[in-house]
Amino acid sequence: MGISPRLYNNDLAPTTRKGRHWSGYSIFTLWANDVHSLGNYAFAIGLFSLGLSGGAILGALAFGALFLFLLLTLSGFMGEKTGVPFPVMSRISFGIHGAQVPAVIRGGVAIAWFGIQTYLASQVLQVVIIAIFPGFAALQHGSFLGLSAAGWITFLALWVIQVIIVSYGMEMIRHYEAYAGPIILATFVALAGWVLVQSGFQIDWSPTTSATGAEMWLKMLGAASLWVSIYGTFVLNFCDFTRNAKSRRSIVKGNVWGIPVNMLFFGCIVVVLTGGSFKLHGKLITSPADIVAAIPNTFLLVLASLALIALTIAVNLMANFVAPTYALNNLFPKHLNFRRAALISAVIGLVLTPWNMYNSPVVINVFLGGLGALLGPLFGIIMVDYWLVKKTRINVPELYSDSPTGEYHYTRGFNPRAVTALIISGVIALLFTFLPVFDSVRDFSWFLAAGLGAVIYGILADKRGPFRDEHGDEIAVTPKH
């Protein structure tokens, strides 16, 4: 059976076993960077305002970490077995052409957040430059397309840096994450140590009135569910990274240290930074950036700010750059490769003027909230199809065949059962997201949506088989960059 150039190129091809260099440490550094993102710190610190004590927050993160460890390990094993990226993996359940739907949804969410995260990092970079060259502040006046001259300079500088890194492919991303991870961890340990010293080693574990009893447990589980939903994007396309993993053992090892262990460490940093700062100033911080801004020494302020910028770049590369790059590659495999698709993704992220999106709650809530609501159903459908319907028996070569008799051709390249399950569960997920009547269960919406997608597809799916298990070694490619 022939391989179709409309479905195959070197970047979409399965990876050879000997070409896989991602170890347990490589997987760990993904989480070392992503877990400690400024957005995650803002989320966790905000839990104090919802009535959770420091201990309850650690409990919520522990529950969330256990759920994520299971979900991400299941998702990661799929990439290790097949060696294919997420858009190709989606062909298993949605069909060779239907796979464009989950790929574009995942890529659409990521491409918007790529621009927003770059904009937020550019704000920190402006602080750094002004600390060294105070005259730069004069460029913050005026506006062109919603951004000052200083804003354009810093945004484009960070935009170019990220484009250069990603243009060298997944191996360059692996190297960047590997070096950035220890720097980020050391920075936050230093910040926590500085706060501890300043507060006389006293921490307020309950800066606000804390919930107790059943209310506390409900809020803890709600916070744990929200913590999982933050990674609703990553659990979908984790195979983009684990397709380069040396073995399942590497995935498990990296996930153990990177998720439960690292997330609890993250929680301890949150409690120290927030509780210590409250003891010092009598008010809640909103982000570690607040602490950095208060550092009296210019040199240390600059170092800490640069570390936060390096962190944001690391998170952007893994969470928001890879997915749209593969999605575009999957749309136009005959014309694009990883580098060209990455450049187009970056250009789209710039053209969207993400600073205007970030400053518009309506756009954020409707566009990103709507797309994000569909991630849960997609995960449920893909997981049930791979693990329960096909029982991991995947014919990798036929993922690249457009023959009408191909195993993943279904009906004109679309699996109508998966599409139907997505429409039904997706509509319900959107109702959970936007209708006020569902406010009481909104914290659990990702799990509800994923469960609905899984159950509906489990009912509709064609389980007759037979499903053949064929490796893709003959068409596999060793990554060249």
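Structure values in brief
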| read-out | value |
| --- | --- |
| Residue selected from the range 17-53 under the condition hydroxyl-bearing (Ser, Thr, Tyr), modelled with pLDDT of 90 or more and open to solvent by less than 10 Å² (accessible area, probe 1.4 Å), by the criterion nearest to ASN262 (Cα to Cα) | THR29 |
| Contacts under 7 angstrom Cβ, first residue in the range 206-229 being in a loop (DSSP other than H, G, I, E, B), partner among the hydroxyl-bearing types (Ser, Thr, Tyr), 6 or more apart | SER206/SER53; PRO207/THR274; THR208/SER49; SER210/SER53 |
| Qualifying residue in the range 266-279 (condition: within 30 Å of VAL347 (Cβ to Cβ) and open to solvent by 50 Å² or more (accessible area, probe 1.4 Å)) | no |
| First in the range 51-75 and within 15 Å of ALA450 (Cα to Cα) and of a type in the set (S, T, N, Q), second anywhere and open to solvent by 20 Å² or more (accessible area, probe 1.4 Å) and assigned to a helix (DSSP H, G or I), Cβ under 9 Å, 6 or more apart | SER75/MET383 |
| Residue within the range 96-106 that is buried (at least 22 other Cβ atoms within 10 Å of the Cβ), touching a Lys or Arg at 6+ places or on another chain (Cβ under 9 Å) and small (Gly, Ala, Ser) present | yes |
| Pairs with Cβ under 8 Å, 6+ apart, first in the range 434-446 and touching a residue at least 24 places away in the same chain (Cβ under 8 Å), second open to solvent by less than 80 Å² (accessible area, probe 1.4 Å) and of a type in the set (Val, Ile, Thr) | SER445/THR433; TRP446/VAL228 |
| Failed item, numbered, when LEU388 is tested on (1) buried (at least 16 other Cβ atoms within 10 Å of the Cβ); (2) aliphatic (A, V, I, L, M); (3) in a helix (DSSP H, G or I) | (1) |
| Matching option when the condition is at pLDDT 90 or above, in contact with a helix residue (DSSP H, G or I) (Cβ under 8 Å, 6 or more places away or on another chain), of a type in the set (A, V, I, L, M) and open to solvent by 10 Å² or more (accessible area, probe 1.4 Å), among LEU368, LEU378, LEU331, LEU374 | LEU331 |
| Test result for PHE114, open to solvent by 10 Å² or more (accessible area, probe 1.4 Å) and in a helix (DSSP H, G or I) | no |
| Residue within the range 68-77 that is within 29 Å of TYR179 (Cβ to Cβ) and outside any helix (DSSP H, G or I) present | no |
| Count - residues of the range 165-217 that are touching a His at 6+ places or on another chain (Cβ under 6 Å) and open to solvent by 40 Å² or more (accessible area, probe 1.4 Å) | 1 |
| Whichever residue in the range 457-481 is assigned to a loop (DSSP other than H, G, I, E, B) and among the acidic types (Asp, Glu) and, among such residues, is least open to solvent (accessible area, probe 1.4 Å) | ASP462 |
| Residue that is most open to solvent (accessible area, probe 1.4 Å) [pool: residues in the range 400-452 that are more than 30 Å from PRO5 (Cα to Cα) and polar (S, T, N, Q)] | SER440 |
| Every pair of residues 6+ apart whose Cβ atoms lie under 7 Å, when the first sits in the range 249-276 and is more than 17 Å from LEU185 (Cα to Cα) while the second is of a type in the set (S, T, N, Q) and in a helix (DSSP H, G or I) | ILE251/THR73; ILE251/THR242; VAL252/THR73 |
| Subset tally (residues that are within 30 Å of SER401 (Cβ to Cβ), aliphatic (A, V, I, L, M) and out of contact with any strand residue (DSSP E or B) (no Cβ under 8 Å at 6 or more places or on another chain)) for the range 1-38 | 4 |
| Test: residue in the range 414-422 that is hydrophobic (A, V, I, L, M, F, W, C), in contact (Cβ under 8 Å) with a residue 12 or more places away in the chain, farther than 24 Å from HIS471 by Cα and not in a helix (DSSP H, G or I) | no |
| Inter-residue pairs, beta-carbon under 6 Å, first in contact (Cβ under 8 Å) with a residue 60 or more places away in the chain and in a helix (DSSP H, G or I) and in the range 129-158, second open to solvent by 30 Å² or more (accessible area, probe 1.4 Å) and among the polar types (S, T, N, Q), 6+ apart | ALA131/THR298 |
| Residue identified as touching a helix residue (DSSP H, G or I) at 6+ places or on another chain (Cβ under 9 Å), open to solvent by less than 20 Å² (accessible area, probe 1.4 Å), at pLDDT below 90 and not hydroxyl-bearing (Ser, Thr, Tyr) among ASN262, ASN244, ASN255, ASN320 | ASN320 |
| Tally of residues being part of a helix (DSSP H, G or I) and of a type in the set (D, E, K, R) across the range 230-268 | 4 |
| Near pairs, Cβ below 6 angstrom, 6+ apart or cross-chain, from the range 165-192 (farther than 14 Å from GLY258 by Cβ) to any residue that is open to solvent by 20 Å² or more (accessible area, probe 1.4 Å) and not in a helix (DSSP H, G or I) | TYR168/HIS481; GLY169/HIS481; GLU171/HIS481 |
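The values are calculated or read from the model by the stated rules, or taken from the named source; none is laboratory data. Everything numeric here is computed off the predicted structure, so don't read it as measured data. Here Cβ is always computed from backbone atoms with ideal geometry, including for glycine, and neighbour counts include all displayed protein chains. Ligands, DNA and RNA are stripped out before the accessible areas are found, and what is left, the full protein with its side chains, is counted by its heavy atoms. Shrake-Rupley method; radii C 1.70, N 1.55, O 1.52, S 1.80 Å.
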